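Each remark here refers to the structure printed beneath this line.
Since every read-out is calculated from the coordinates, none of them should be taken as a lab result. These numbers were taken from a predicted model, which means no experiment stands behind them. Here the Cβ positions follow ideal geometry from the backbone for every residue, glycine too, while neighbour counts run over all protein chains shown.
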Amino acid sequence: MPIEKIIVLGAPADQGIPLVQNLRKAGFNVTAGVRRDDALADSPFPDLNRTHADITDTSSLEKAFAGQDALAMHLPFEFDRARAASFGQNIADAASSAGLKKIVFNTSCYIADRDLNLSAHDGRRDIERALAATGIPCVFIEPVVFMNNMIRIWSKPSIVNSGVFAYPAAPDLKISWVCLDDVAAYMTAALGTDKADGMHVPVGGPEVLVGDEVAERLTEATGKTVIFRSLEPDTFAANMSELVTGSRDVEPVSVYDGMAKFYRFYNEPDVSPLIVDVDATRKLLDVEPTPMREWLKRWDWSTPV
């Protein structure tokens, strides 16, 4: 029986919105699993079918998954590894109970083939293991770094107002930047084929770029000179903390501490872990990733917000 009915966890969020749009365009019957009844009110699809789903409550997930064919999801970053593992186990138990035919999990970050002593990363691996243990065909879509980070409040104002693209990447760190629309397209494709079942699929864009090359593309898109400024991961974390909390103090085991650890790891190896073999991915999932120049044209660079 083909997969027709998909429940999406994370539908109202920035990674969920393009996923829902792609799934609906592909003809899937989509239901959003949400904790709040009004969670979709400010989304592009306020009238989308929805059901209550709480990743901390297995029984609510069982009810939400009942009658669905497949689950597609991304999850919030959790810097308490045990808590992340509990989310994965809850989802796995409910998926098994509901008899789902497939699970597609967008990890939202690079995933290594081993634990890295990074709680958010290792917790993602725990979630993957719990889902795989169900025996349900799973596809783990593992994007590297999002192009959409450039339009966030912690990045775009500096680009527009100061002509500076500041990012916690070493000057020689090569990255296969990928846009969220393409991640959604990969997930949708994975639901329509069994070619990637049981696989971990790194996804990235068609170009491998260092910071100066990103700045060159931003210069073209904005019509004014943009330079790349390499930030130390700890400086980046302090900047983020100050933006959100007003304090540059980075507490241990906080989201900001976790960000710094992620980017320290990315910058350390001799060979960048953020390079994706796009040709290999294309053979599994028939998606043509978006070049950065094309993606940058989609945004208004005259305003910092």
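By the gyration tensor of its Cα atoms, with a ≥ b ≥ c the square roots of the eigenvalues, what is the shape of region 243-305: rounded for a/c under 1.5, prolate for a/b over b/c, or oblate?
oblate
Order these peptides, 97-104, 47-54, by their mean beta-carbon neighbour count within 10 angstrom, highest first.
97-104, 47-54
Rounded if a/c is under 1.5, else prolate if a/b is larger than b/c, else oblate: which is the chain, with a ≥ b ≥ c the root eigenvalues of its Cα gyration tensor?
Verdict is prolate for the chain.
Between ASP37 and TRP299, what length in nm is gained on full extension when 0.36 nm per residue of separation is reduced by their alpha carbon distance?
The span from ASP37 to TRP299 would gain 91.2 nm if fully extended.
For the residue pair ASN149 and VAL208, what label-to-label distance in nm results when each label sits 7 Å from Cα along the Cα-to-beta-carbon direction?
1.8
Given Cβ point charges of +1 (Lys, Arg) and -1 (Asp, Glu) and nothing else, what value in debye, to the nearest 20, does the dipole of region 5-136 about its Cα centre take?
380
Hydropathy at least -1.0 by Kyte-Doolittle, axial extent at least 24 angstrom from the Cα trace: which helices of the chain, defined as entire DSSP H runs, fit?
81-98
Calculated FRET efficiency, ASN161 and GLN21, Cβ-Cβ r, R0 45 Å, to nearest 0.05?
The pair ASN161/GLN21 has a calculated efficiency of 0.90.
Place the peptides 4-16, 237-249 in order of packing, highest mean first, counting for every residue the other Cβ atoms within 10 Å and averaging per peptide.
Highest to lowest by the protection proxy: 4-16, 237-249.
Quick check for the chain: number of Lys pairs with alpha-carbon distance under 28 Å, counting only pairs 8 or more apart or on different chains?
29
Between ASN117 and GLU251, what is the label-to-label distance in nm when each label sits 7 Å out along the Cα-to-Cβ direction?
2.4
Compute the length gained on full extension between GLU288 and ILE227: take 0.36 nm times their separation in residues and subtract their Cα-Cα distance, giving the result in nm to one decimal.
Taking 0.36 nm per residue and subtracting the Cα distance, the gain is 19.1 nm.
Which whole-number percentage describes the relative contact order of region 5-136, with Cα contacts under 8 Å and a sequence gap of 6 or more?
Relative contact order for region 5-136 comes out at 24 percent.
Work out the length of the dipole vector of the chain about its Cα centre, built from +1 on the beta-carbon of each Lys and Arg and -1 on the beta-carbon of each Asp and Glu, and round it to the nearest 20 debye.
460
How big is the antiparallel share of DSSP beta bridges in the chain, given as a percent to the nearest 5?
If I count the DSSP bridges inside the chain, around 5 percent turn out antiparallel.
Loop-only check: which trypsin sites (Lys or Arg not before Pro) in region 175-243 are DSSP coil with at most 12 other Cβ within 10 angstrom?
LYS224
How many angstrom lie between the C-alpha centres of region 102-119 and region 1-46?
Here the answer is 22 Å between Cα centres.
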